[in-house]
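Structure, as C-alpha cells:
The values are calculated or read from the model by the stated rules, or taken from the named source; none is laboratory data. All values reported here derive from a predicted model rather than from experimental measurement. Using ideal geometry, Cβ is built from the backbone for each residue, glycine included, and neighbour counts are taken over all protein chains shown.
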Amino acid sequence: MPRTRTSSSGSTPRRPGWTPIAICSLEVAVVVTDNAPHELGATSVVIAPEQGVEDALARMDPFVTAMHSSNGLISELDSPAALTLDAADRWIAAHIDQVAAGTAGPFLLGGNSITHDRGFLDRHAPQTFSRLHYRSIDVSSIEQDMVRDGYADEIAAERRRNAPAGNHRALGDIRDSVSQLASLREIRRSVMAHA
C-alpha cells in the first residue's frame, strides 16, 4: 500500500497553498501544504513499469540504476504495492481531495524545475492534472531570481546549513523543495527587515 500521512490542525482548516508533486516515471508523490508552507498531508506511490522491471532497468542510465538501487526504489518496482500509472493517478488525486476537503481548488503545482512534471501529469495523470491551477511555484526559478537580485551569499550560507536530504526519492525531493522555499522566503524577509 502506498505511504500516506495527513495532519490535522484543530477545527480551522489550513488552506492548501501549493501542491508539490515529484515524478520520475517510476514513482510519484504529492505533499499538500498551506501557504506557510506547512505540510498538511503527503503520499507517495511506486509505479509498476508497464513493460516490466527488467525492461525499465535496461533503459536506465547506469548512474540512475545505481542511485535507485541504493535508495531502494528498484527493489519496490515489482512489489505488490506498486500501482499502474492509472491507479497511481487516481490515488494521488484522491489524496489531494482528502487533504484539501472543503477548500476550493485548483491548486498551484510547486517544486523544482517542474516544467516536465506538469507535462507528464497532463499526458499521463489527467485526474491529478485536473486539480492543478495553470500557475506554478517553481522554487528553482525563485532561487535563480533571488541570486540575480543579490541574495547569492545568503542562499549559499543557507544551503550549507540545510543541505537537501539527497535521497533521490519523490517524497524526499518534494520535502527538500518545500524546505528550500521556506528558506528562500525567510532570506528575503530577513534582508527586507534589516533594510
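For the stretch 37-51, a residue qualifies if it is of a type in the set (S, T, N, Q) and modelled with pLDDT of 90 or more, and the qualifying residues are 43, 44. Cβ separations smaller than 6 Å between residues 6+ apart or across chains give the following pairs from the stretch 87-114 residues that are over 20 Å from residue 181 (Cα atoms) to residues that are surrounded by 14 or more Cβ atoms within 10 Å (Cβ to Cβ) and among the small types (Gly, Ala, Ser): 89/125; 99/41. The set of residues from the stretch 131-153 being surrounded by fewer than 17 Cβ atoms within 10 Å (Cβ to Cβ) and either over 16 Å from residue 115 (Cα atoms) or under 15 Å from the mean Cα position of the chain (by Cα) (or both) comprises 140, 145, 147, 148, 149, 150, 152, 153.
Restricting attention to the stretch 84-104 and to residues that are of a type in the set (Val, Ile, Thr) and surrounded by 14 or more Cβ atoms within 10 Å (Cβ to Cβ), the residue that is nearest to residue 26 (Cα to Cα) turns out to be 92.
Kindly evaluate residue 107 against the criterion of being modelled with pLDDT under 90 and surrounded by 19 or more Cβ atoms within 10 Å (Cβ to Cβ). Lay out the reasoning, then the answer.
Values: modelled with pLDDT under 90: yes; surrounded by 19 or more Cβ atoms within 10 Å (Cβ to Cβ): yes.
Yes.
Confirm whether residue 158 is in a helix (DSSP H, G or I) and under 30 Å from residue 63 (Cα atoms). In short, yes. Is it the case that the stretch 168-178 has a residue that's in contact with a Phe, Trp or Tyr (Cβ under 7 Å, 6 or more places away or on another chain), surrounded by 13 or more Cβ atoms within 10 Å (Cβ to Cβ) and either within 22 Å of residue 36 (Cα to Cα) or modelled with pLDDT of 95 or more (or both)? No, that holds for no residue.
Can you tell which of 101, 87 is more than 18 Å from residue 170 (Cα to Cα), among the aliphatic types (A, V, I, L, M) and not in a strand (DSSP E or B)? Step by step, each of 101, 87 is checked, and only 101 is more than 18 Å from residue 170 (Cα to Cα), among the aliphatic types (A, V, I, L, M) and not in a strand (DSSP E or B). Taking the stretch 43-83 as the range and being among the polar types (S, T, N, Q), surrounded by 12 or more Cβ atoms within 10 Å (Cβ to Cβ) and not in a helix (DSSP H, G or I) as the test, the residues that pass are 43, 44, 71.
In contact (Cβ under 8 Å) with a residue 40 or more places away in the chain, touching a helix residue (DSSP H, G or I) at 6+ places or on another chain (Cβ under 9 Å) and more than 26 Å from residue 98 (Cβ to Cβ), is that true of residue 169? Steps first, please.
Numbers: in contact (Cβ under 8 Å) with a residue 40 or more places away in the chain: yes; touching a helix residue (DSSP H, G or I) at 6+ places or on another chain (Cβ under 9 Å): yes; more than 26 Å from residue 98 (Cβ to Cβ): no.
No.
Look at (1) under 21 Å from residue 32 (Cβ atoms); (2) charged (D, E, K, R); (3) without any contact (Cβ under 8 Å) to a residue 60 or more places away in the chain; (4) surrounded by 15 or more Cβ atoms within 10 Å (Cβ to Cβ) and you find that residue 122 fails only one, number (4).
Per-residue answers, yes or no, for (1) β-branched (Val, Ile, Thr); (2) more than 30 Å from residue 185 (Cα to Cα):
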| position | (1), (2) |
| --- | --- |
| 32 | yes, no |
| 66 | no, yes |
| 75 | no, yes |
| 79 | no, yes |
| 109 | no, no |
| 115 | yes, no |
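Would you check if there is a residue in the stretch 154-166 being among the small types (Gly, Ala, Ser), buried (at least 18 other Cβ atoms within 10 Å of the Cβ) and at pLDDT 90 or above? No; the residues of the stretch 154-166 include none that is among the small types (Gly, Ala, Ser), buried (at least 18 other Cβ atoms within 10 Å of the Cβ) and at pLDDT 90 or above. For beta carbons closer than 7 Å, sequence separation of 6+ or different chains, a first residue in the stretch 137-148 that is touching a residue at least 40 places away in the same chain (Cβ under 8 Å) and a second that is among the aliphatic types (A, V, I, L, M) and outside any helix (DSSP H, G or I), the qualifying pairs are 137/108.
Looking for whichever is within 14 Å of the chain's Cα centre (by Cα) and assigned to a helix (DSSP H, G or I) here; the options are 109, 121. Which one fits?
Values: 109 fails: assigned to a helix (DSSP H, G or I).
Criteria check complete, one pass: 121.
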